[in-house]
1. Using a probe radius of 1.4 Å on heavy atoms only, what accessible surface per residue do you get for the protein assembly as shown? Whole Å² is fine.
2. With all protein chains present, calculate the accessible area of A:GLU230 using a 1.4 Å probe and round the result to the nearest 10 Å².
3. Under a 1.4 angstrom probe, counting protein chains only, how are B:PHE110, B:PHE39 ranked by accessible area, largest first?
4. Over every pair of different alpha-carbon atoms in segment A:56-152, take the mean of 1/r and invert it; report that Kirkwood radius in Å.
5. With an 8 Å Cα cut-off and a minimum separation of 6 or more residues, compute the relative contact order for segment B:40-90 in percent.
6. Amide H neighbours of A:SER277 under 5 Å, counting only residues 5+ apart in sequence or on other chains, H built in-plane at 1.01 Å?
7. Between segment A:262-316 and segment B:193-271, what is the C-alpha centre distance in whole Å?
8. I'd like the Karplus ³J(HN,Hα) series for segment B:93-104: coefficients 6.51, -1.76, 1.60, θ = phi - 60°, whole numbers in Hz, and an x wherever there's a Gly or Pro.
Amino acid sequence: MIRKEMIAMLLAGGQGSRLGVLTARVAKPAVAFGGKYRIIDFPLSNCINSGIDTVGVLTQYQPLRLNSHIGIGIPWDLDRNNGGVTILQPYEKSESSEWYSGTANAIYQNMNYIEQYDPEYVLILSGDHIYKMDYEVMLDYHKEKNADVTIAVMPVPMEEASRFGIMVTDDEGRITEFEEKPEHPSSNLASMGIYIFTWKALKEALISMSDVEDCDFGKHIIPYCHEKGERLYAYEYNGYWKDVGTLGSYWEANMELIDLIPEFNLYEEYWKIYTKSDVIAPHYIASEAKAERCILGEGTEVYGEIENSVIGSNVIVGKGSVIRDSIIMADVEIGENTVINKAIIAENCKIGSGCELGIGEEKPNKLKKAVYAFGLVTIGEDSVIPSNVKIGKNTAISGVTEPADYPDGLLDSGEYIIKAGGK
Amino acid sequence: MKALGIILAGGNNNKMHELSNKRAIAAMPVGGSYRCIDFALSNMSNSHIQRVAVLTQYNARSLNEHLSSSKWWDFGRKQGGLYVFTPTLTADNGFWYRGTADAIYQNIDFLKRSHEPYVIIAAGDCVYKLDYNKVLDYHIKKKADITIVCKDMPEDMDVSRFGVLCMNEDSRIVEFEEKPMVAHSHTISTGIYVLRRRQLIEMLEKCAEEERHDLVNDVLIRYKNMKRIYGYKIDTYWSNIATVDSYYNTNMDFLKPEVRNFFYKQEPAIYSKIDDLAPAKYNVGANVHNSLVSSGCIINGTVENSMLFKQVFVGKDCVIKNSIILNDVYIGDNTHIENCIVESHDTIRANTYLSGEDGIKIVLEQNERYIM
């Protein structure tokens, strides 16, 4: 095997339970984003754009969509004779067989994969952030500081710092202290979950920590390295970086793409984001249709009105329907004269005619108050909404619903319908 | 693998005016996201024809770039592949392709070294969907020597730029005239032929011996009484784009729901090179009606009854009507474009007024671009 200087390990096994029904049947990194992409496209594109051609993708939760999306890595040019993309799923071993119990444990179980390439450095990434970053610049920093571990950090507002893992550094950028979600943060540099390890140091840490249950980078490996006195450095990043871990932040990040000149610009020639494109046809806007301040995917047909929304590919919006402040993923069909306000509708849903989504006062959701909030209507993939129903805010729907599921034709704010099975 | 494919993409003619200055007709963008040759290539791929040769000679850069990887059409397998043959100098030949028959003859080794019993010959400048296996089955059933795929055109259409043919009740072709002064029929040849590989080799060698170079005149028409030539009629959409008007009309046909549905939605799909562009973006002031818009476009103005190809930027207060804007065009603010075809990579300065008064105007501004 040809030796690689740095390889990437992309952690894509998490469910992302705070995305509610959106991740009922797909892993979070496979959730659609921006009318065409999936979240994992961003780290994968960053890898190839940074010159990293060997990427191990660790999957565990609902991997089918992720596997078929990545395939052999053609869209990212990661179909290589040497290296390329490899899906690493949990596997049975002669003495034991276990799931990936934590981020570091997942890497530990795949040390053989890393050893094949005998790399100098290993880049650890997670598959749930929207950003463009040149990992090669970060590697240069790592080398320049002669570091054992470099952690990418970004300044966050002080009042939000207690939600993150916080790094305290000296003037040199060397990490002196490490606080996980501190009540009284002493710095505002938040860890972005992107690490470069010198492989020797990581290997040693993984082996000595192998008995730790649910071994995690933030909770175990980084503190271990720190206590051992290894050289930990913080690499400050100041570009666009968005965690899309909650429905609110996911919705916001999509909406930010619509801005006149978005902070996160997908239209630049430089640093392209690649994805698997199944649909390539142009989209059609009918004579009676209207579309303003929106992103429209390929092959979509619009006969109604779209405002301030992100619409995926192969969507059909019927005559007289109005869509505002919403995210509609691929292959959704929306009937006629349906009004949709502030909704997230996952792939392949069918919404009837004459419906009203996102009406009334906000009420806390009865199933998961913290998840289904932000005033959103969230509809899981392959769901069906019958014609002429009204749906309130902070609601969640999954599965094939029938008129009987809507007493008086209404699903009040804060209610939910979760039907098992679906299609 | 009963057949191999040959796509004739060398063509160029003055009926395309400036549009074919920089590219072969087969490389013309069509239908928003495609190039014309994608239709023939996808039909080949969807018909499980795995070994396909593209013959080209007129300004092939654009075409070569498009065909630089065969993976988009699912060619490039261990068995078969996509081959692009341009004229080459050899010890005993220094000619360009002197005609369609000569183009194939100069690459006759490709035919001789293949093992597929049949050959499908298709033109690269037509927009259609066809399962060539159906034609092949028909060809075998009719015990034909050559089968020509043909189509009935509307009675009021001028067919004098096509090969016009007449068939008897058995569908055998009894009359065949290329570009007739007066057409006796409205059945035309679509430029798609099926025949046995050995038969083709034999005919081409004979042709070359006699210094004849055209596939239609020197093979098909010449052999029409000697050989069993049959017609296979198609009734689905088919269009040749080789004149400015037909190019314009073919693109505008995609605004019709049935055509859109046929090419964009119905399986099997038409494939093309993937450009990795972000989805189209509509800003404040976007006002689009009855139009097709491709990925990478950014729209700030009015677009009506038009087709925007990939990566078109439409500035504020622009009005674009009944027009085709090819790939990567930047249109400055307050510009009016009506009945035009705007050539790709063009930059239209702000406050420009462009209108095709009697017929379609081809716009080639070639201004320098400072923005983006």
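The values are calculated or read from the model by the stated rules, or taken from the named source; none is laboratory data. Keep in mind it's a predicted model, so treat the numbers as computed, not measured. No Cβ is skipped: glycine too gets one built from the backbone with ideal geometry, and neighbour counts run over all protein chains shown. Note: accessible area is taken over every heavy atom of the protein model, side chains too, but ligands, DNA and RNA are not part of it. Shrake-Rupley method; radii C 1.70, N 1.55, O 1.52, S 1.80 Å.
1. Numbers: 32430 Å² over 795 residues.
I get 41 Å² per residue for the protein assembly as shown.
2. It works out to around 30 Å².
3. Values: B:PHE110 30, B:PHE39 0 Å².
Largest accessible area first, the list is B:PHE110, B:PHE39.
4. Numbers: mean 1/r = 0.0645 Å⁻¹.
Final number for the Kirkwood radius of segment A:56-152 is 15.5 Å.
5. Numbers: 47 pairs, mean separation 25.6, N = 51.
Dividing the mean separation by the residue count of segment B:40-90 yields 50 percent.
6. none
7. Each part reduced to its Cα centre gives a spacing of 35 Å.
8. 8, x, 9, 6, 5, 8, x, 5, 5, 5, 4, 6
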